[in-house]
Amino acid sequence: MNVGILLMTHEAIGEALISAAHHVLPKLPLKLAVVTVPAQANPDIIRSLAAHHLRELDQGNGVLVLTDLYGATPCNIGQSLSSLGVQLRYVSGLNLPMLLRVLNYAKKPLDELAEIAAAGGRGGIFIDHA
């Protein structure tokens, strides 16, 4: 059994990242779902949709929720789901390196996968020292 992955993002960011991940890894090793949060979204409707996905993704080892921006609506809704009885961890700052790192360490437990996600996101940032 593996950890499920829920991407909670503004607009179509989550779908675009999964599409790019498929380009690198044609067969994704973890169950993924995306909750897109439009600008004028009703938070209660989004929360209900996210709860549905969490229950589908949880195979007994928990769900890693990856959000694009800490403190924004997708992140806040994601963090409000902790009362559902599903073991959850949250990492914000979602980028493609973060998602790919998580997918490459699919057999890791939830707590370790959260750390791997954060390290992958940070490690994917490069500054030109010209």
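The values are calculated or read from the model by the stated rules, or taken from the named source; none is laboratory data. It should be emphasised that the depicted structure is a prediction, and the values quoted were computed from it without experimental measurement. For neighbour counting, all protein chains shown are included, and Cβ atoms are generated from backbone atoms with ideal geometry for every residue, glycine included. Ligands, DNA and RNA are stripped out before the accessible areas are found, and what is left, the full protein with its side chains, is counted by its heavy atoms. Shrake-Rupley method; radii C 1.70, N 1.55, O 1.52, S 1.80 Å.
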- Task: Determine whether Ala72 is touching a strand residue (DSSP E or B) at 6+ places or on another chain (Cβ under 8 Å), in contact (Cβ under 8 Å) with a residue 24 or more places away in the chain, farther than 18 Å from Val34 by Cβ and not polar (S, T, N, Q).
- Result: no
Matching residues in the stretch 1-60 (modelled with pLDDT under 95 and touching a His at 6+ places or on another chain (Cβ under 9 Å)) number 2
Those residues of the stretch 80-121 that are farther than 26 Å from Pro26 by Cβ, of a type outside the set (S, T, N, Q), open to solvent by 70 Å² or more (accessible area, probe 1.4 Å) and touching a residue at least 12 places away in the same chain (Cβ under 8 Å) come to a total of 2
Of those in the stretch 1-41 that are of a type in the set (A, V, I, L, M, F, W, C), more than 14 Å from Pro74 (Cα to Cα) and assigned to a helix (DSSP H, G or I), the residue farthest from the chain's Cα centre (by Cα) is Val24
Apart from one, (1) out of contact with any strand residue (DSSP E or B) (no Cβ under 7 Å at 6 or more places or on another chain); (2) open to solvent by 60 Å² or more (accessible area, probe 1.4 Å) all hold for Ala51; the odd one out is (2)
Subset of the stretch 61-79, residues in a loop (DSSP other than H, G, I, E, B) and open to solvent by 60 Å² or more (accessible area, probe 1.4 Å), comes to Leu69, Tyr70
TODO: Kindly establish whether Gly85 is modelled with pLDDT under 95, more than 11 Å from the chain's Cα centre (by Cα) and at positive phi.
DONE: yes
Right, Leu32: touching a helix residue (DSSP H, G or I) at 6+ places or on another chain (Cβ under 7 Å), surrounded by fewer than 17 Cβ atoms within 10 Å (Cβ to Cβ) and more than 23 Å from Phe126 (Cα to Cα) or not? no
inquiry  = Taking the conditions exactly as written (under 15 Å from Ala114 (Cβ atoms), small (Gly, Ala, Ser), without any contact (Cβ under 8 Å) to a residue 40 or more places away in the chain and surrounded by fewer than 18 Cβ atoms within 10 Å (Cβ to Cβ)), does Ser19 satisfy them or not?
reply    = no
